[in-house]
1. Provide the per-residue ³J(HN,Hα) series for segment 167-175, in order, calculated from phi with Karplus coefficients 6.51, -1.76, 1.60 and θ = phi - 60°, each as a whole number of Hz, with x at glycine and proline positions.
2. Which value does Rg/Rh take for the chain over its C-alpha atoms, Rh per Kirkwood?
3. Sort segment 2-115 into rounded, prolate or oblate with this rule: let a ≥ b ≥ c be the square roots of the eigenvalues of the Cα gyration tensor; rounded if a/c is under 1.5, and if a/c is not under 1.5, prolate when a/b is larger than b/c, oblate otherwise.
4. Just want the answer: with Cβ charges of +1 for Lys and Arg and -1 for Asp and Glu, which residue in 169, 18, 129 is farthest toward the dipole's positive end in the chain?
5. Choose one of 241, 219, 208: the residue whose Cα lies farthest towards the positive end of the charge dipole of segment 2-314 (beta-carbon charges +1 Lys, Arg; -1 Asp, Glu; about the Cα centre).
6. How far is the Cα center of segment 226-266 from the Cα center of segment 53-121, in Å?
7. May I ask you to derive the FRET efficiency for residue 263 and residue 232 from their Cβ-Cβ distance with R0 = 25 Å, giving the value to the nearest 0.05?
8. Between residue 178 and residue 126, how high is the FRET efficiency from 1/(1 + (r/R0)^6) when r is the Cβ-Cβ distance and R₀ = 45 Å? Nearest 0.05.
Amino acid sequence: MSTTTDNNSVEITKGINGLEKVILREINGSSVELYLYGAHVTSWKNEQGEELLFVSSKAIFKPPKPIRGGIPICFPQFSNLGNLEAHGFARNRIWTIDNDAPPFPPNVTDRVFVDLLLKPTEEDLKIWPHSFDYRLRVTLGPAGDLMLTSRIRNTNTDGKPFTFTFAYHTYFSVSDISEVRVEGLETHDYLDNTKNRERYTEQGDAITFESEIDKIYLSTPSKIAILDHEKKRTFVIRKDGLPDAVVWNPWDKKAKAMADFGDDEYKHMVCVEAAAIEKPISLKPGEEWRVRQELSAVPSSYFSGQLDPNKVLARS
Ligand code: BG6
């Protein structure tokens, strides 16, 4: 299927290994690609056609292995606990296109988008005994921004609430990790995943990278910036309803241990993940949880320390 409006288009086609994928295109030349496998965004290009997300050259596009890179969705758990797959099962299930999605709040920028839906199978109910509708809208904005809106509804008929944790596990493409800094998380508390989730407080400076990092920052601001000095590019993450933010780079040793990740690829990626981890979300039957992540990539006329995307965009 392919629909076109004013040179903006939504195309449904086949990707790697014949897996179904959706391509969103904006008239300005920007584009987004996502697989129904995992509702996994694997490409986000700006109007010059430059790739903004990292996907490993060794990524395996074959169920049940989650795709290494892009934007995996971690649900119903972030991390690797209990019977559930690591980071939950949403990233390795086949989603469907949701042509009957109930209306999302009116948003004038939603011209190029696709709605996807995940419901648990009988097999899923054996490992996580809760019924849900997970609706995801992926939107490419007129300026090339990428928005992901998630709505998760408890559809249990047994009257039981359920609890989950969540992350948009975004892999950003960067020129050289040693030239990158992340702003917006300084002085925040974090749980260090490399130290059994011990709690620390981040120092006052922006985060820079010189070794493995795997931290869950808590109660973070709604805007975080990733500055790539070499590329002269700044990513701005705006998040709504997602208090935590994970920062992850495996560095050399862990990179070598991952079969679906190149030995040197850690130099060209950083994960900054809008998340809800510290305080799991509880939903009663009939209740819906709605969250959003919006990504922009702007030239680094962005001034360090000013996390106001309106100013950033006005200046660029
Ligand atoms: C990060 C976690 O979000 O994801 C790391 O904080 C983990 O601990 C990484 O190693 C990758 O996870 P996975 O399951 O995709 O290999």
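1. 7, 8, 8, 6, 9, 8, 8, 10, 6
2. Value, to two decimals: 0.94.
3. Prolate.
4. It is 129.
5. Final value for the positive-end residue is 241.
6. Cα centroid of segment 226-266 versus Cα centroid of segment 53-121: 18 Å apart.
7. 0.35
8. Once the sixth-power term is evaluated, E becomes 0.50.
Taken together, the values in this text are just the output of simple stated rules run on the coordinates, not laboratory data. Every value quoted in this text rests on a predicted model; they were computed, and no experiment measured them. Don't worry about glycine lacking a Cβ; one is built from the backbone with ideal geometry, like all the others, and counts go over all protein chains shown.
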